[in-house]
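Read-outs throughout are calculated quantities, based only on the coordinates presented, and are distinct from any laboratory measurement. Note that the structure is a prediction, hence the values are computed from the model and not measured. Glycine gets a Cβ as well: all are built from the backbone with ideal geometry, and neighbour counts include every protein chain shown.
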Amino acid sequence: MTAVSDRPIVAQELPPGLEIRVECNADHPSVSTVVAAAFGSPEEARLVEAVRASAEFVPELSLVADVDGQIVGHVMISYATIREVKAQHRIAVLAPLAVAPGFQRRGMGSALVRRVTARADERGEPLVVLQGSPVFYGRLGFEYSVPYDIHMTLPSWAPAEASQVLRLRNYTASIRGQVVYPPAFDAVTEQ
């Protein structure tokens, strides 16, 4: 779930005054506005709220892009589960990523993803999964998950390659199976 463009970034230079930081309660209304505008509907903003209210929420992995006091981007990583026949593993899932339309194609989404995945790596997470553009996320080190025996049920409109994984320092090949999203993700229905 990504509301950023696959088109090439026009300028790698990030806006002056940009701060990427952990969101705070006061940011929530602005985050909702940015997410709804980026996706063109309030559905993903409801997902953010549902994840925040869930046991799978990781507050320090919910980041905002703040430009001179204005929230212009948001990304969050929460927990999901990978199930295989005899085991299950807690994993990190990145969803959603949103950048306000006026700030897209300027490197903001990439900066948010790099920062949140670096924080996940620092926390010792073995990998991050997501459903998103192979073009966009491939530039950031994500790979098609199926060769690693990590499978996701994708929406009917998504190509198989939208099933993405970023292997972090603590990754082991024993983490494989079917990704099971927590109930908070039921807030977003297939479109």
*Just GLY124, GLY17, GLY109 to compare: in a GNM of the chain, with alpha carbon springs under 10 Å, which one fluctuates most?*
GLY17
*asked:* For ASP121, ASP149, which order do you get if you count the other beta carbons within 10 Å of each Cβ and list the fewest first?
replied: ASP149, ASP121
*Per principal axis, descending, Cα span of the chain in whole Å*: 50, 34, 33
*Quick one: order ARG169, ARG52 by neighbouring beta-carbon count within 10 Å, fewest to most.*
ARG169, ARG52
_Unit charges on C-beta of K, R, D, E only; dipole of the range 48-164, Debye_ = 100
*Taking +1 at the Cβ of each Lys and Arg and -1 at the Cβ of each Asp and Glu, which of ALA111, TYR148, SER41 sits farthest along the dipole of the chain towards its positive end, judged by Cα position relative to the Cα centre?*
TYR148
*asked:* Test of understanding: in a Gaussian network model of the chain with alpha carbons linked when under 10 Å, which of SER41, SER133, SER32 would top the mean-square fluctuation ranking?
replied: SER41
_Loop GluC sites (Glu not before Pro), the range 113-191 (other Cβ atoms within 10 Å of the site Cβ: 15 or fewer; DSSP)_ = GLU190
*With the chain treated as a Gaussian network of Cα nodes joined by springs under 10 Å, which of ALA38, ALA173, ALA120 yields the largest mean-square fluctuation?*
ALA173
*asked:* Please arrange THR81, THR117, THR153 by how many other C-beta atoms lie within 10 Å of their C-beta, fewest to most.
replied: THR153, THR81, THR117
_Taking the 0 to 90 degree range and rounding to the nearest ten, how far is the long axis of helix 108-122 tilted relative to the main principal axis of the chain, both from C-alpha atoms?_
50
